[in-house]
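K.L.:
This structure is in structure tokens; I'll ask about it shortly.
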There are 2 protein chains.
Amino acid sequence: MSEPDAHIPDATVARLAAYLGVLTRLSDQGVTTVSSNELAEAAGANPAQLRKDLSHLGSYGVRGVGYDVAYLLVQLDQHLGAGPDVPVIIVGVGNLGRALVNHAGFSSRGFRVVGLVDSDPALAGERVEGLPIAPESALEELIAQTGASIAVITTPGQAAQSVTDRLVASGITGILNFAPAALSVPDSVTVRKVDLGSELQILAYHHRRGPASRTAVEPITASLPPVAASQVEPSQNVSVPKP
Amino acid sequence: MSEPDAHIPDATVARLAAYLGVLTRLSDQGVTTVSSNELAEAAGANPAQLRKDLSHLGSYGVRGVGYDVAYLLVQLDQHLGAGPDVPVIIVGVGNLGRALVNHAGFSSRGFRVVGLVDSDPALAGERVEGLPIAPESALEELIAQTGASIAVITTPGQAAQSVTDRLVASGITGILNFAPAALSVPDSVTVRKVDLGSELQILAYHHRRGPASRTAVEPITASLPPVAASQVEPSQNVSVPKP
DNA sequence: CTTTGTGAAGTCGTTCACAGCG
DNA sequence: CGCTGTGAACGACTTCACAAAG
């Protein structure tokens, strides 16, 4: 299975994104070669799993040596990336929305926040990190002008579904949802949900079980409920066992 | 399996946390009864899965009727929760850290941010939402004084591991990690990782596959790599198919 | 001799479908 | 008669272990 176009499991895609991040850092550090052992450890994964994940894309390693960082980086980018400067808009400019405008993790991956929208008229026109906040009525226009196909929702839960419907109608195909609500979208749209409150709740649960229980957590891109639709929870977890 | 103490799969725990959030909202709205169908839809899950999840805790429903919202809420709280006002500290007071200090999703779940730490001396003493920023040297003291057992890391990636080591040494048992780094911790500590850059990358991947491919995303508490250790990625995703 | 790539086996989680109970 | 609770079937992901390649 070295052919590129086959179906790639969701769990694998999530890990590939993590590998990409690690590779970018290694490349910046001047590292030229990595073995599956090294890369897996840096990404919090299992070496065998990493090799299998990579095998979905093709054979980019050299037996007896490992992987060329620069080359693998390019290959991963071609499979996952959408080129540099992918436009993203943020809907809901509260504390969280503001914090994400210049988020380093976004820009380092080639994403750029090109638009902000908020329903509060008092915010219209205000600038955050140099970017003006558009009124909610300008949502469709903003998407058309910026060409964004990915949106981040940081509104209160009750506003999330109506915003989502408008985003979808305007051609958005990927949504990162921080609002505490299950979004309903067509199968053609992918949703990943990040529920920070649930994250702490999960940590509290493990704590209550006592320091003795070593219940593994979910890996970043562990397993997902493979459904035809596309609501995903970003709360992926990665278990880091001690091999 | 109606006995409480059995082992609960990580995937289930993550969903239970989501159910808890939905139930709280329903309760606030005055809803007194829900069926597995209704609750599952609101949480973005499958009715059968929800019933199975709940069965890990016991039989709290009434056949032919559904679940009593208030009662189920209490039961879930007892299994997941750690009581009201669970203390949490945040290490790394950048944009993201500041945004999380008064995050509504935290307080509504009973968590309260009681301490802030940053390595930048220039920030020491500054207040965020009324809470003073402590110097890094006071980390251990802060944990001892507040009794926090859960920490949120929002530092740059390179600082994450050293901070983690100190947190663990001070008795922290749960870590929510936003830094782009795989943390190494003992089995007794649970780590959940949220990598926002990877989240967008995953969305971009699905976009590239064209609107035709309805690759399901990972469910919030889908499958995890069950390891003895406890590094989890919060990037859980939930697929929301159209039943 | 080292490290990749991968079929096969094993494990875990989700979905089905119905018995059980109100 | 409706809806829950659950054993059993199914499917997916992970881990193993080794052949192949450099």
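The values are calculated or read from the model by the stated rules, or taken from the named source; none is laboratory data. Predicted model only: the values in this text are computed from it and were never measured. Don't worry about glycine lacking a Cβ; one is built from the backbone with ideal geometry, like all the others, and counts go over all protein chains shown. Areas reflect the complete protein model, heavy atoms only, side chains present, ligands, DNA and RNA absent. Shrake-Rupley method; radii C 1.70, N 1.55, O 1.52, S 1.80 Å.
K.L.:
Do any residues in segment A:162-173 that are touching a residue at least 24 places away in the same chain (Cβ under 8 Å) have Cβ atoms under 8 Å from those of residues that are assigned to a helix (DSSP H, G or I) and open to solvent by 40 Å² or more (accessible area, probe 1.4 Å), where the two are at least six apart or on different chains, and which pairs are they?
P.N.:
So the pair list comes out as A:166/A:140; A:169/A:140; A:170/A:140; A:170/A:144; A:173/B:207.
K.L.:
In the same structural domain as residue B:90 (by TED's automatic domain parsing) and either at pLDDT 90 or above or closer than 17 Å to residue A:43 by Cα (or both): is that true of residue B:229 in this structure?
P.N.:
no
K.L.:
So, one more: Go through (1) near DNA strand C (Cβ under 8 Å from one of its atoms); (2) away from every other protein chain (no Cβ under 12 Å); (3) over 22 Å from the mean Cα position of the chain (by Cα) and name the single condition residue A:55 misses.
P.N.:
(3) is the only condition that residue A:55 fails.
K.L.:
So, one more: Could you list, in sequence order, all residues of segment A:103-119 that are open to solvent by 50 Å² or more (accessible area, probe 1.4 Å) and within 7 Å of chain B (Cβ to nearest Cβ)?
P.N.:
A:108
K.L.:
Then there's this: When you scan segment A:169-188, do you find a residue that is within 7 Å of chain B (Cβ to nearest Cβ), within 16 Å of DNA strand D (Cβ to nearest atom) and at pLDDT 50 or above, even just one?
P.N.:
Within segment A:169-188, one or more residues are within 7 Å of chain B (Cβ to nearest Cβ), within 16 Å of DNA strand D (Cβ to nearest atom) and at pLDDT 50 or above.
K.L.:
Go through segment A:39-58 and give me each residue that's more than 9 Å from DNA strand D (Cβ to nearest atom) and surrounded by fewer than 17 Cβ atoms within 10 Å (Cβ to Cβ).
P.N.:
A:55, A:58
K.L.:
Scan segment B:4-34 for residues that are of a type in the set (Ser, Thr, Tyr), within 12 Å of DNA strand C (Cβ to nearest atom) and open to solvent by 30 Å² or more (accessible area, probe 1.4 Å) and report the count. Can you show your working first?
P.N.:
The first filter runs over segment B:4-34 and keeps only residues of a type in the set (Ser, Thr, Tyr), leaving B:12, B:19, B:24, B:27, B:32-33.
Okay, now just the ones that are also within 12 Å of DNA strand C (Cβ to nearest atom), so B:12.
Restricting the remaining residues to those that are open to solvent by 30 Å² or more (accessible area, probe 1.4 Å) gives none.
Number of matching residues: 0.
K.L.:
Also, I was wondering about something else. What do you reckon, is residue B:144 touching a residue at least 24 places away in the same chain (Cβ under 8 Å), away from chain A (no Cβ under 11 Å), assigned to a helix (DSSP H, G or I) and out of contact with any strand residue (DSSP E or B) (no Cβ under 9 Å at 6 or more places or on another chain)?
P.N.:
Taking the combined requirement at face value, the residue satisfies it.
K.L.:
So for segment A:126-141 (the condition being under 25 Å from residue A:35 (Cα atoms) and either part of a helix (DSSP H, G or I) or modelled with pLDDT under 95 (or both)), does at least one residue qualify? Steps first, please.
P.N.:
Step one: list which residues in segment A:126-141 are under 25 Å from residue A:35 (Cα atoms), which gives none.
No, the conditions are met nowhere in segment A:126-141.
K.L.:
Checking the structure you have, find out if any residue of segment B:61-77 is in contact (Cβ under 8 Å) with a residue 24 or more places away in the chain and of a type in the set (Phe, Trp, Tyr).
P.N.:
Within segment B:61-77, the subset in contact (Cβ under 8 Å) with a residue 24 or more places away in the chain is B:61, B:65-70, B:72-73, B:76-77.
Then drop every residue that is not of a type in the set (Phe, Trp, Tyr), which leaves B:67.
Scanning segment B:61-77 turns up at least one residue that is in contact (Cβ under 8 Å) with a residue 24 or more places away in the chain and of a type in the set (Phe, Trp, Tyr).
K.L.:
Of all the residues that make up segment B:1-26, how many are under 23 Å from residue A:177 (Cα atoms) and either in contact (Cβ under 8 Å) with a residue 24 or more places away in the chain or β-branched (Val, Ile, Thr) (or both)?
P.N.:
The qualifying residues number 16.
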